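Q: Mind looking over this structure? Questions follow.
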Amino acid sequence: MRLEGTYTALVTPFGGDGELDLDALTSLVEWQIQSGVEGLVPCGSTGEAATLSHEEHARVVRHVVEVAAGRVPVIAGTGSNSTSEALALTLEARRAGADAALLISPYYNKPTQEGIYLHYRTIAEETGLPLVLYNIPGRTGSRIAPETSARLSRVPGVVALKEAGGDLAASSQTLAASDPDFALLSGDDALTLPLLAIGGRGVISTTSNVAPREMGELVRAWLSGDVGRAREIHYALLELMDALFVETNPIPVKSALEIIGRIPDARMRLPLTEMGKANRAALEKALASRPGA
């Protein structure tokens, strides 16, 4: 499986009663596909997977698969700090028809690099579903080292790394040591352009929830050799990218989708809370000045 382009890390809409709002999710998925994104990623950090029950998790993945109907690939978030739980979630995603799975590096228990390697290898071997590694030390408390990513790049079924470590030197080391077919995808919207410059192939994006056409065009412009256009879009989106991370993701992006009318309710589940007034005002300003607004 070759991953390239912009993959939206979808929010999970909730209704006024706090339950899943699948109608709002349907509308969001349709808009994303019509806007030209290359794929969809439900049940990641942006999708509040940490507060979904296992039943809700499976339901969201199945729903996105059904609505997408093969038009774009669906990469289901299935990570956990327990290998057995991550394995069960990945098997459920495969049964639901997901094309691949995104797995955060095990958090809290801080495994060694050998433990991280064996975690991913076990899931790849036992599920047969293409896997995307996810390095985000700010959330997990541990880092997938470049040499570990390189080892995993040679495990059958491990196809890509979502990189949110903020270290371009480490990302360069990862690419230099990895299998040539292994894809590096940005996990930090503001670093998408720099990661493309060192050999990345795309982004799993929060910003594309709000600006799917523009994020898609940024990546496609770079990959087609139009460096100037890619840089232009990067700077046009920079204020929005900053505003979408002024509070913990997905608080700002759900607020943004409510503001522009793409979801009816920005409701989140505790411990996430409503966006602060000053930050919301800054977000509204960034939304008003975004490309295509």
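Q: Sort Val203, Val246, Val72 so the one with the fewest other Cβ atoms within 10 Å of its own Cβ comes first.
A: Listed from fewest to most nearby Cβ atoms, that is Val246, Val72, Val203.
Q: Express in nm, to one decimal, how much length is gained between Arg2 and Glu114 on full extension, taking 0.36 nm for each residue of separation and deducting their alpha carbon distance.
A: Separation in residues times 0.36 nm, less the Cα-Cα distance, equals 37.7 nm.
Q: Would you mind checking the radius of gyration and Dmax of region 184-293 based on alpha-carbon positions, in Å?
A: Cα-based Rg and Dmax for region 184-293 come out at 14.2, 44 Å.
Q: Let me ask another. May I ask you to derive the relative contact order of region 5-226, considering only C-alpha pairs under 8 Å and at least 6 residues apart, and to give it as an integer percent?
A: Taking the mean separation of contacting Cα pairs over the length of region 5-226, I get 20 percent.
Q: Return the ratio Rg/(2.2 N^0.38 Å) for the chain, where Rg is computed over Cα atoms only.
A: 0.93
Q: Please compute the volume of the convex hull spanned by the alpha-carbon atoms of region 20-169 and report it per residue in Å³.
A: Looking at region 20-169, the number lands at 111 Å³ per residue.
Q: Then there's this: Let me check I've understood the local charge: for Gly16, count other residues with C-beta under 10 angstrom from its C-beta, Lys and Arg +1, Asp and Glu -1. What total comes out?
A: That sum, taken over residues with Cβ under 10 Å, equals -3.
Q: Oh, and also: For region 1-109, what is the per residue volume of the convex hull drawn over the alpha-carbon atoms, in cubic angstrom?
A: 101
Q: Quick check for me: using +1 on Lys/Arg Cβ and -1 on Asp/Glu Cβ, what's the dipole size of the chain about its Cα centre, in debye to the nearest 20?
A: That gives a dipole near 320 debye.
Q: Continuing with the same structure: From the helices alone, meaning DSSP H stretches of at least four residues, give me the mean residue ellipticity at 222 nm for the chain, per-run term -39500 (n - 2.57), in deg cm²/dmol to the nearest 500.
A: When only DSSP H runs of four or more count, the value is -14000 deg cm²/dmol.
FYI, it's all coordinate maths here, none of it is from the lab. None of the values given here were measured: they were computed from a predicted structure. We place every Cβ from the backbone using ideal geometry, glycine too, and count neighbours over all the protein chains shown.
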